[in-house]
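One structure below.
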Amino acid sequence: MSGKEIEYLKTECSDVKILRTELLFTPLLIVLPLVVSGLLLYDWFCRDFSMNELELGGELMLGIIILVGNIMFDIPLITSLKRSLRKR
């Protein structure tokens, strides 16, 4: 094998490893923040909204910030993964 073929195999193998790692961590990166923000919003609803104590909305603000940040991060991540899977 020539040097160019070996170099191509090295880059091809590393791309597969990177893609495999991204595919394995994607559910964790998407689901975990959604669960945490859901728990914070549920806690705010049960404690503050149901009892008409709307002075502090710390859980509400944290839940919304995590939810919006996660959605802003997930959309580009999922589209890039789709593009990289289509190339294969």
* Structure fact -> Quick note on Thr26, Thr79, ordering by fewest other C-beta atoms within 10 Å, gives Thr79, Thr26
* **Residue exposure sequence - Leu60, Leu54 - by fewest surrounding Cβ within 10 Å** => Leu54, Leu60
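Here, each number is a calculation from the coordinates, and none is a lab measurement. Only a predicted model underlies this, so the values are computations on that prediction, with no experimental measurement involved. No Cβ is skipped: glycine too gets one built from the backbone with ideal geometry, and neighbour counts run over all protein chains shown.
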